[in-house]
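**Q** Shown below is the structure under consideration.
The values are calculated or read from the model by the stated rules, or taken from the named source; none is laboratory data. Everything numeric in this text was worked out from a predicted model, so none of it was measured. All Cβ positions, glycine included, derive from the backbone under ideal geometry; neighbour counts span all protein chains shown. Calculation scope for accessible area: heavy atoms of the full protein, side chains included, ligands and nucleic acids excluded. Shrake-Rupley method; radii C 1.70, N 1.55, O 1.52, S 1.80 Å.
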Amino acid sequence: MCYDRQRDEILDRLYGIKGSVESIRLYLKHIYAMKHFSFGTWSSRQHVIAAVSAGGKTGFAECILSVNEPKASLKPWKKLLEDLAGLHVGDALKALREHQDIWPEQLIEMTEMALIDLCGKISGCPANVLLGLTEGTPVCSVHVILSDNLEEVEESARWAKSQGKNQFIKVKLFGKTELDCQVIRTVRSVCPAEETFLIGDVNCGYRPEGEVNSLAQIEEQMKHLHQAGLDACEDPAFLSRDEWVELQKSVSPLELIPDYPLRPSRCSVKEICAGMGKIYNIHPDSAGSIVDAVVLAGRIRQLGAGLMIGDDSLAGPSASIWQQLAYGLEARWVEAAEKRKESDFFYRCVRSLATDSSHNPVKISLKDGFGIDLDEEKLAEETDLFEEILPAKRRGQ
């Protein structure tokens, strides 16, 4: 199939890049912030930033290790990554793919991104070009509101408008029609439809996994949300592929956004079909591989649908990476962006970035790799745990 050929072409470019992996460093940062969802509440997130060095260059990336686990450890991931230390960069990427379905998806995705950043820096080429993304379209970041407190919702919407970041706003919805409509109307009281495309993410709250709400009930609830001012709804319920298609037909012009059915990218590329929604979401930390995500994006375009890039509450280097991917993939918007207050620690470590998400559209100047340059001495000061993985011969084995 054409997407198999596209994947092989990308991997062939990457596998040929030499330079032995000399060191892999993991930094863990606890971020304490309340995030409300239909399925529960996050009070803290454990972010990992990876730095992979070879040939005098360093590639960076980030993922979420866990949520609500302040005692989380880096040691299990350190043990896994020992397999990669000492390999040539291209061989490390090949070995990484051999661990798909075995290692955690977000660990593979983060390590692959850091290695591809490193590949670009070694070869003097933007990572997007290595991934076959030779052009780009300006992309706006979406302002996200994660609260069921209407005063907080209004304040956040006003802040977005004051900063010129209200072109796209996403609200978390909770599977409760009255509350969800109040959240939507609160945003609309600040940001009218002619100024703002408003997205709601229910995290399947109108039919959680294992429940049996009828499709007709879900359709009725979607129509209420649309009447309140919602333009698009992400993951309204756990749905079969045929139900996605039927629901999109029945609730148009509300645009549905499938997310969970696209996880991980290597599997969903063979499973999605036309009509499941108007916009399809590729979700960081769940895609499993940015190589596979690029291939999946091509499949989405074949189906005639729009594309968005989601977020996993990223606060550091991977937000910049996904912004560049969104640019190259011509996404309608990118949700992965640095966060108010939560990203302050990261910015204190930045020497240079290829992106600036304080503007809309995001300012992007492609550089070698993903253009991320961090001061690791400051990063060590700003983070809470550290582990280093060296090649076996340097570990005394």
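**Q** Return the pairs, sorted by first residue and then second, in which the second residue is open to solvent by 10 Å² or more (accessible area, probe 1.4 Å) and part of a strand (DSSP E or B), the first residue lies in the range 61-74 and is more than 23 Å from D375 (Cβ to Cβ), the beta carbons are less than 8 Å apart, and the residues are 6+ apart or on different chains.
**A** Close Cβ pairs satisfying both conditions: V67/W42; N68/W42; N68/S43; P70/H30; A72/L65; A72/S66; S73/L385.
**Q** Hey, among A326, A380, A331, A319, which residue is among the hydrophobic types (A, V, I, L, M, F, W, C) and in a loop (DSSP other than H, G, I, E, B)?
**A** Checking each option against the conditions leaves just A331.
**Q** I'd like the full set of residues that are assigned to a strand (DSSP E or B) and more than 26 Å from S313 (Cβ to Cβ), limited to the range 64-108. Can you show your working first?
**A** So the first thing to find is which residues in the range 64-108 are assigned to a strand (DSSP E or B), and the list is 64-67, 88.
Residue satisfying the conditions is H88 alone.
**Q** For residues that are within 23 Å of V334 (Cα to Cα) and outside any loop (DSSP other than H, G, I, E, B), tally how many sit in the range 153-179.
**A** So the count comes out to 15.
**Q** Related question: Output the number of the condition that E243 fails; it satisfies all remaining conditions of (1) of a type in the set (D, E, K, R); (2) over 19 Å from G277 (Cβ atoms); (3) within 27 Å of the chain's Cα centre (by Cα).
**A** Of the numbered conditions (1) of a type in the set (D, E, K, R); (2) over 19 Å from G277 (Cβ atoms); (3) within 27 Å of the chain's Cα centre (by Cα), the odd one out for E243 is (2).
**Q** Sort out which residues of the range 327-352 are open to solvent by 30 Å² or more (accessible area, probe 1.4 Å) and modelled with pLDDT of 95 or more, and write them in order of number.
**A** Y327, E330, R332, D344, Y347, R348, V350, R351, S352
**Q** For the range 261-283, which positions are over 19 Å from V142 (Cα atoms) and either of a type in the set (F, W, Y) or without any contact (Cβ under 8 Å) to a residue 24 or more places away in the chain (or both)?
**A** Selection gives P261, C267, K270.
**Q** Mind counting the residues in the range 49-63 that are open to solvent by 50 Å² or more (accessible area, probe 1.4 Å) and in a strand (DSSP E or B)?
**A** 1
**Q** In the list G16, G40, which residue meets the criterion of being open to solvent by 20 Å² or more (accessible area, probe 1.4 Å) and without any contact (Cβ under 8 Å) to a residue 40 or more places away in the chain?
**A** Just a single option satisfies the conditions, and that option is G40.
**Q** Now a separate question. I'd like the full set of residues that are open to solvent by 10 Å² or more (accessible area, probe 1.4 Å) and either among the small types (G, A, S) or without any contact (Cβ under 8 Å) to a residue 24 or more places away in the chain (or both), limited to the range 303-325.
**A** Of everything in the range 303-325, those that are open to solvent by 10 Å² or more (accessible area, probe 1.4 Å) and either among the small types (G, A, S) or without any contact (Cβ under 8 Å) to a residue 24 or more places away in the chain (or both) turn out to be G304, A305, G306, S313.
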